[in-house]
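Q: Got a structure for you, written out below as structure tokens; questions coming shortly.
The values are calculated or read from the model by the stated rules, or taken from the named source; none is laboratory data. Keep in mind that what you see is a predicted model, and the values were worked out from it rather than measured. With ideal geometry, Cβ positions are generated from the backbone for all residues, glycine too; neighbour counts draw on all protein chains shown. Ligands, DNA and RNA are stripped out before the accessible areas are found, and what is left, the full protein with its side chains, is counted by its heavy atoms. Shrake-Rupley method; radii C 1.70, N 1.55, O 1.52, S 1.80 Å.
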Amino acid sequence: MNETGCAVNPEMMEYIRSSIIPQYEGFDSAHRVDHVCHVIGAALEMSRHYDVDVDIVAMAAACHDLGLVEDRKTHHLVSGRIVRANADLRRWFDGNQIETIAQAAEDHRASSDHEPRSIYGRIIAEADRQIVPQTVIRRTVQYGLEHYPELDREGHWLRTLEHLHEKYAEGGYLKLWIPESPNAAELERLREIIRDEVKLRGIFEEIYVQETSAAAVSPESPQK
């Protein structure tokens, strides 16, 4: 257990706040500033249970989705490449530590075909899960609206249903790594909703109306 009480390097944390977190402002609505801030906080909270370097934890959490600047399919691999190319990190980390950060970013994706290669990768992967049922469903709807605008309401419902079953239902590809995380209990709550398709459809409808109404009144929307 990490009982040293070590705090994150304040100079490094200021770099994260000023130079890394703002990059998330241009990503899709499920991966913006609120998401990366959640992952950083959750990762640091979980790190209390392990003998780890909290600076590595914080930097890996901050960088885990930077690859979205290129695409979603390979963003975890691009994130690793961005980490390795960032000369600023050498102010706080040696080459081995930077490689650990890069690998943690590469290993965080739920659909990865291999287990995280270090405890750092496990912590970041677990923190990234953010399993709050309403949040998971909302992020699924948001992603569909942004990436599949050609779908109608029923199409978005079917896509949401398929994704939730593929990833979160019993037998889904999502894996949990940190027993001290609250994700296991939240995952069971989400699975109860998925099993009750009438309830799930009701939640979907509420979120769909909220998200499409918000898009309609957005300042970025065309004026009629």
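Q: Lysine pairs, Cα distance under 30 Å, 8 or more residues apart or cross-chain: how many in the chain?
A: Qualifying lysine pairs in the chain: 5.
Q: Angle check, please: helix 33-47 long axis (alpha carbons) against the longest principal axis of the chain (alpha carbons), in degrees 0 to 90, nearest 10.
A: 50 degrees
Q: Give me the number: length gained by fully extending Arg81 to Ser213, i.e. 0.36 nm times residue separation minus the C-alpha to C-alpha distance, one decimal in nm.
A: Full extension of this stretch gives 43.7 nm more.
Q: Among 71-83, 144-156, 51-63, what's the highest-first ranking by average C-beta atoms within 10 angstrom per residue?
A: Taking the mean over residues of other Cβ atoms within 10 Å, the ranking is 51-63, 71-83, 144-156.
Q: Any idea of Glu186's accessible area? Nearest 10 Å², probe 1.4 Å.
A: 40 Å²
Q: Then there's this: Could you sort Glu25, Glu188 by accessible area so the largest value comes first, with the probe set to 1.4 Å?
A: Most to least solvent-accessible, the answer reads Glu25, Glu188.
Q: Moving to a separate point now. Does anyone have the angle between helix 119-129 and the longest principal axis of the chain? Alpha-carbon axes, 0 to 90°, nearest 10?
A: The helix 119-129 is inclined about 20 degrees to the chain.
Q: Once R0 is set to 25 Å, what does the formula 1/(1 + (r/R0)^6) return for the Cβ-Cβ distance between Arg117 and Tyr173, expressed as a FRET efficiency to the nearest 0.05?
A: Efficiency, from the Cβ-Cβ distance: 0.85.
Q: Pull out the extension gain between Glu197 and Ser18, defined as 0.36 nm times the separation in residues minus the alpha carbon to alpha carbon distance; nm, one decimal.
A: 60.1 nm
Q: Further question: By how many degrees, 0 to 90 and rounded to 10, does the Cα axis of helix 183-195 deviate from the longest principal axis of the chain?
A: Between the helix axis and the principal axis of the chain, the angle is about 10 degrees.
Q: Related question: Run the helix sum for the chain: -39,500 (n - 2.57) per DSSP H stretch of 4+ residues, divided by residue count, reported at 222 nm to the nearest 500 deg cm²/dmol.
A: -18000 deg cm²/dmol
Q: For Asn9 paired with Leu151, estimate the spin-label separation in nm (one decimal), with each label point 7 Å from Cα along the Cα-to-Cβ line.
A: Taking the two extended label points, one gets 4.3 nm.
Q: Here's something else I'd like to know. What's the carbon and sulfur percent of the chain's accessible surface, probe 1.4 angstrom, rounded to a whole number?
A: 51 percent
Q: I want to verify the translational diffusion coefficient of the range 1-111 in µm²/s; compute it with Stokes-Einstein, Rh as the Kirkwood radius over Cα pairs, at 20 °C and 1.002 mPa s.
A: Here the translational diffusion coefficient equals 153 µm²/s.
Q: Further, regarding this structure: Averaged across orientations, what area in nm² does the convex hull of the alpha carbons in the range 92-168 project?
A: Average of the hull's projected areas for the range 92-168 equals 6.7 nm².
Q: Give me the accessible area per residue for the range 69-224, probe 1.4 Å, as a whole number in Å².
A: Solvent-accessible surface per residue comes out at 55 Å².
Q: Among 161-172, 124-135, how do they line up from the highest to the lowest mean number of other beta-carbon atoms within 10 Å? Could the numbers behind the result be given before it?
A: Details: 161-172: 14.7, 124-135: 21.1.
Sorting 161-172, 124-135 by mean packing, highest first, produces 124-135, 161-172.
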